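Working notes, structure below.
Bear in mind that the values in this text are calculations on the coordinates, not laboratory data. Computed from a predicted model, the values in this text were never measured in an experiment. Cβ coordinates were reconstructed from backbone atoms using ideal geometry, including for glycine residues, and neighbour counts include every protein chain displayed.
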Amino acid sequence: MSVAIYENNNEGKYSNPKFIKETSLKIMDGIHPLLKTLVANSIKISRKGIVLTGKNMSGKSIFLRMVSTNILLAQTLNFALAQEYEGCFLNIVSSISPKEDIISGKSYYLVEAESILRIIKALEKNIPDFCPIDEIFRGTNPLERISSSAQILKYVNK
């Protein structure tokens, strides 16, 4: 009933997903369900990863969350908050907003490195993955951050 009520209250803001076998994802005019001011964004990915860049506070993190949320909604509730959703079934493994774990003695860097390792291990399975990584190695100097990010993306794309 909750899903039916949600769909009824959001008429015109969602669509039913089209699932395909090809490893790809297309979201046209997708929105994030928690934003009061709706900002629609689109993405089309096939087979390889992308690097998302932009100025501070330009919406990159919200964009990654919008894509992830719409994948989850499409695959579990059979609707997406988008004008169009087309893609294969994806396993989502993310590294968004990791936090240091003082009790376990894990620094921010270690928690982030473990998160990236978890993503790499998930890629060993024969299931397409969507792996949003937000502000990778932000506690590291810019040169190491950029080179590490490039090497991780290169490895993941193999």
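Skipping prolines and chain starts, which residues have an amide H placed within reach, meaning under 5 Å, of the one on PHE79, given they are 5 or more residues away or on another chain? Residues meeting the criterion, in which the H sits 1.01 Å from N, are ALA74.
Candidates GLY54, ILE5, VAL39 compared by Cα position along the dipole of the chain: farthest toward the positive end lies GLY54, with charges placed on Cβ. Amide H contacts for ASN91 (H built 1.01 Å from N in the peptide plane; partners 5 or more residues away or on another chain; cut-off under 5 Å): ASP129, PHE130. Listed from fewest to most Cβ neighbours within 10 Å, the set THR53, THR37 follows the order THR37, THR53.
Based on C-alpha pairs under 8 angstrom that are at least 6 apart in sequence, segment 40-128 has a relative contact order of 19 percent. Each residue of segment 129-141 was assigned a 3J(HN,Hα) from its phi angle through the Karplus curve 6.51 cos²θ - 1.76 cosθ + 1.60 (θ = phi - 60°); the sequence is 10, 10, 10, x, 10, 9, 6, 4, 6, 5, x, 10, 5 Hz, with glycine and proline shown as x. Within the set LYS48/LYS154; LYS44/LYS125; LYS60/LYS154; LYS48/LYS158; LYS21/LYS121, which residue pairs have Cα atoms separated by over 18 Å? From the list (LYS48/LYS154; LYS44/LYS125; LYS60/LYS154; LYS48/LYS158; LYS21/LYS121), the Cα-Cα distance tops 18 Å for LYS44/LYS125; LYS60/LYS154; LYS21/LYS121. Rounded to the nearest 20, the size of the Cβ-charge dipole of segment 90-158 about its Cα centre is 200 debye, with Lys and Arg at +1 and Asp and Glu at -1. Listed values for segment 118-125 are Karplus-derived 3J(HN,Hα) couplings in whole Hz (6.51 cos²θ - 1.76 cosθ + 1.60, θ = phi - 60°), namely 4, 5, 4, 5, 5, 6, 6, 6, and x replaces Gly and Pro.
Seen through its C-alpha gyration tensor, with square-root eigenvalues sorted a ≥ b ≥ c, the chain comes out prolate because a/c lies at 1.5 or above while a/b is bigger than b/c. Gain on full extension, evaluated as 0.36 nm per residue between ASN16 and LEU35 minus their Cα-Cα distance, stands at 4.8 nm. Segment 4-32 and segment 72-101 have Cα centres separated by 11 Å. Could you list log10 I(q)/I(0) for segment 90-158 at q = 0.19, 0.26, 0.28 Å⁻¹, which the Debye formula gives when each Cα is one point scatterer? Reported log10 I(q)/I(0), two decimals: -0.77, -1.23, -1.32. Only beta bridges with both residues in the chain are counted; by DSSP, about 70 percent of them are antiparallel. Here the extension length gained between VAL156 and MET57 equals 33.0 nm, from 0.36 nm per residue of separation less the Cα-Cα distance.
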